[in-house]
Amino acid sequence: MNIFLYLDKGTWIHHLDPRTKMIGTLILFLICLCFNHPLYMGGISLGVMAIALSARALFNFWRVRYILILLITFSTVMWPFFAEGTTPLWSWGSLRISEESLLYGIAMGLRLATFVATGIILLSTTRNEELTNGLIRLGLPYPVAFALSTALRLVPTFAGAAATIVQAQISRGLDLESGSLISRIGKFIPQAVPLFVYAIRHTNLLAMALESKGFDPESPRTLYYEPRMRKIDYLTLILLSGVLVISTYMRLGLGLGIAMPGRM
């Protein structure tokens, strides 16, 4: 079971400097925050999907398809009951749904899904060591960059361990398919005990391995991987920054892309 997201496809996005990809991811997040109308958010989402297609990362999108669908579905269903609008669509007692709140819910679902999609593109095209090096070169202290890098490594490791534990329990006769949704969720709770023990043991072994190698986060160090900003990196950042400026002007200057005034 491959629980790592990185895909070694060798596309032009893979060859970008890790700093470019991290800053570009942040810019895409800010672009998503500019609009709360599904028409505009849909355009941004299609743009992100085009980037994913050029990065050949659609395989990872298929792996997390249920998460993306749930984000859009739950946001579309839940937001209309909590946001207020001026054009009523449906009402039942004290419950009211307006056209503006429905559009806002769809837009928020697209925004959340686009956030996840942008992160998937970053993790699909950037190795863990590249992320660490990029964080260091962006000025982040080495201990913080190392901690973030270790966390990114441990998440798929623990996910793989959890899958192994569940498969082992199923092979011993555990039935996770029968019963109600609540009962099935309850069957997963006991699986957390061996996973918790594994996490403590793995973390302890990692600490001992670092100590045995004389690891000192404060000592000066050299880096094997030396990324260089190229013309394509600067061009990519300029292009994304231009899109952000245009989007900000459309929202603040022209008042476009607003389904619910007063909300981001």
- Item | Answer from Leu46, Leu89, Leu123 - the residue that is farther than 20 Å from Val243 by Cα and out of contact with any strand residue (DSSP E or B) (no Cβ under 9 Å at 6 or more places or on another chain) | Leu123
- Query: Would it be correct to say that Leu131 is in contact (Cβ under 8 Å) with a residue 60 or more places away in the chain, hydrophobic (A, V, I, L, M, F, W, C), touching a Ser or Thr at 6+ places or on another chain (Cβ under 8 Å) and outside any loop (DSSP other than H, G, I, E, B)?
  - Reply: yes
- Item | Cβ-Cβ under 8 Å pairs, at least 6 apart or on other chains, segment 69-82 side within 19 Å of Met260 (Cα to Cα) and free of Cβ contacts under 8 Å to residues at least 24 places away in the same chain, far side β-branched (Val, Ile, Thr) and not in a helix (DSSP H, G or I) | Phe81/Ile97
- Limited to segment 95-126, what total is found for residues that are modelled with pLDDT of 95 or more and over 24 Å from Ala57 (Cα atoms)? 0
- helices (runs of 4 or more DSSP H) contained entirely in segment 32-83, each with at least 1 residues that are outside the structural domain of Ser247 (by TED's automatic domain parsing): none
- Message: For segment 132-152, give me each residue that is crowded, with 17+ Cβ neighbours inside 10 Å and of a type in the set (Val, Ile, Thr).
- Response: Thr132, Ile136
- Note on the structure: Exactly one of Leu195, Leu210, Leu223 is touching a residue at least 12 places away in the same chain (Cβ under 8 Å) and either part of a helix (DSSP H, G or I) or closer than 30 Å to Leu58 by Cα (or both), and that one is Leu195
- Item | Qualifying positions in segment 145-167 - over 22 Å from Asn204 (Cβ atoms) and without any contact (Cβ under 8 Å) to a residue 12 or more places away in the chain | Gln167
- Task: Given the conditions (1) surrounded by fewer than 20 Cβ atoms within 10 Å (Cβ to Cβ); (2) touching a Leu at 6+ places or on another chain (Cβ under 9 Å); (3) under 25 Å from Asn133 (Cβ atoms); (4) not small (Gly, Ala, Ser), report the number of the one that Leu39 does not fulfil.
- Result: (3)
- Query: Out of all the residues in segment 98-120, is one or more at negative phi, assigned to a strand (DSSP E or B) and assigned by TED's automatic domain parsing to the domain that holds Ile27?
  - Reply: yes
- Message: Residue under question is Arg201, and the condition is that it be among the basic types (Lys, Arg), over 30 Å from Pro156 (Cβ atoms) and either modelled with pLDDT of 90 or more or in a helix (DSSP H, G or I) (or both); does it hold?
- Response: no
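The values are calculated or read from the model by the stated rules, or taken from the named source; none is laboratory data. Note that the structure is predicted; figures quoted are calculated from it, not measured. Neighbour counts are summed over all protein chains in view; Cβ atoms, including those assigned to glycine, are modelled from backbone coordinates with ideal geometry.
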